[in-house]
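What follows is one structure encoded as structure tokens, with my remarks underneath.
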Amino acid sequence: MEFKRPKIALIGGGQIGGVLAQLAAQRNLGDVVMFDIVENLPQGKTLDIAEASRIDRFDVSLSGANDYKDIEGAGVVIVTAGVPRKPGMSRDDLLGTNSKIIKGVAENIKKYAPDAYVIVISNPLDAMVTLMREVTGFPAGRVFGQAGVLDSSRFASFIAWELGVSVKDVNALVLGGHGDTMVPLVRYANVAGVPVMEMLERKYKDPAKAKEVMDAIVARTADAGGEVVRLLKTGSAFYSPASAAIQMAEAVIKDEKRILPVCARLDGEFGVNGYYVGVPAVIGGKGVEKIVELSLNETEQAMFDKSVNSVKTLVDDMKRLGLL
Ligand code: A3D
């Protein structure tokens, strides 16, 4: 038998696509083919990254493509095709433009990489994952979205910065749709096992002040994408979304069984039927292998329901516009 490196196809060679290619190579995850509709762009980016192979010590190959045929044999496909938002836009404003793009991308993935695991990053995330699944017809566990890993990392970072502790010791989880209604779960957030609220109350010696600080962290988490957009002005975050998606791809390729918050299809879990939303799940060699359920109190459940409803509204909009 002949051993072969895994093949990773990146659909979209823009800001996130470029960082994805570089991280996949630096981690020796597999051979990378980057597809984009812009002629020479993916060829140029991948050549640039490949020429650092001696410095970054990787043997995987990188190539660019303007023909979908080149993604044949891909085991993992990461999709960033589409447009990012600009200041003043919400993710939902991208629905019309990106739906049309994702539909075409999905048809080609179905044709050329019918066995692939598909990780979607394009916004509005939950709606685009839904569309990808619908058009490819792949099993639900093979199509999922990146949002929760990044949103949770943002939440964890803000907690670590506030408490002056290593972010490596912070566990923080964000549930729900990838939009303004996302649900950072304060009650489950902890630092090396100690509840975050206890840490904050000890720091400020005032429960009201601790709550005020946490409310600000929660609000900043929900607005974190917008904060970066307002600073960049020309596009949205791209380093951190790429890191997040690579963690997910690595969990699949190495069958790690990581528990990661991802946009996954729910079939009764969390009381939701037939919709894609952000929840913790076991990610391994079979993609989304299991949804990890956890109990929510009344307030958390109400926030989660609101977030799920905003995803449902977007999916309904796609149906109304004939996009789904
Ligand atoms: P950008 O740098 O514009 O790259 C998008 C690329 O897609 C460009 O190179 C385009 O040429 C390409 N493209 C356009 N149409 C097609 C097509 N039909 N087929 C193939 N490629 C095409 O954007 P970006 O990389 O900054 O962001 C990409 C997407 O990710 C956007 O929709 C963002 O909103 C989204 N995003 C998601 C997150 C999440 O955490 C979910 C975070 C940040 C950005």
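The values are calculated or read from the model by the stated rules, or taken from the named source; none is laboratory data. Because the structure is predicted, anything quoted here is derived from the model rather than measured. Every residue, glycine among them, receives a Cβ derived from its backbone with ideal geometry; neighbour counts consider all protein chains shown.
Miscellaneous remarks
- Residue among MET182, MET248, MET199 that alone is among the aliphatic types (A, V, I, L, M) and touching a Phe, Trp or Tyr at 6+ places or on another chain (Cβ under 9 Å): MET248
- Candidates PHE138, PHE155, filtered to the one that is among the aromatic types (Phe, Trp, Tyr) and in contact with a Pro (Cβ under 7 Å, 6 or more places away or on another chain): PHE155
- Single unsatisfied condition, ILE246 versus (1) out of contact with any Cys (no Cβ under 9 Å at 6 or more places or on another chain); (2) at pLDDT below 95: (2)
- Test result for LEU20, within 16 Å of the ligand (Cβ to nearest atom) and in contact with a helix residue (DSSP H, G or I) (Cβ under 6 Å, 6 or more places away or on another chain): yes
- Any hit, the range 52-65, residues being closer than 21 Å to ILE119 by Cβ and within 13 Å of the ligand (Cβ to nearest atom): yes
- Within the range 2-12, the presence of at least one residue that is aromatic (Phe, Trp, Tyr), away from the ligand (no atom under 14 Å from the Cβ) and without any contact (Cβ under 8 Å) to a residue 12 or more places away in the chain is confirmed.
- Odd one out for ALA156 among (1) of a type in the set (Gly, Ala, Ser); (2) in a helix (DSSP H, G or I); (3) within 14 Å of the ligand (Cβ to nearest atom): (3)
- Of residues in the range 133-148 being surrounded by fewer than 24 Cβ atoms within 10 Å (Cβ to Cβ) and not charged (D, E, K, R), the one nearest to the ligand (Cβ to nearest atom): VAL135
- Strands (runs of 3 or more DSSP E) lying entirely in the range 198-293 (those with 3 or more residues that are under 21 Å from the mean Cα position of the chain (by Cα) and within 16 Å of the ligand (Cβ to nearest atom)): 258-267, 273-284
- Of all residues making up the range 103-137, the number that are in a helix (DSSP H, G or I) and either more than 20 Å from GLU72 (Cβ to Cβ) or in the same structural domain as ALA237 (by TED's automatic domain parsing) (or both): 10
- Within the range 294-311, the residues that satisfy the criterion of being over 19 Å from the mean Cα position of the chain (by Cα) and either on the phi > 0 side of the Ramachandran plot or of a type outside the set (Val, Ile, Thr) (or both) are LEU294, SER295, LEU296, ASN297, GLU298, GLU300, GLN301, ALA302, MET303, ASP305, LYS306, ASN309.
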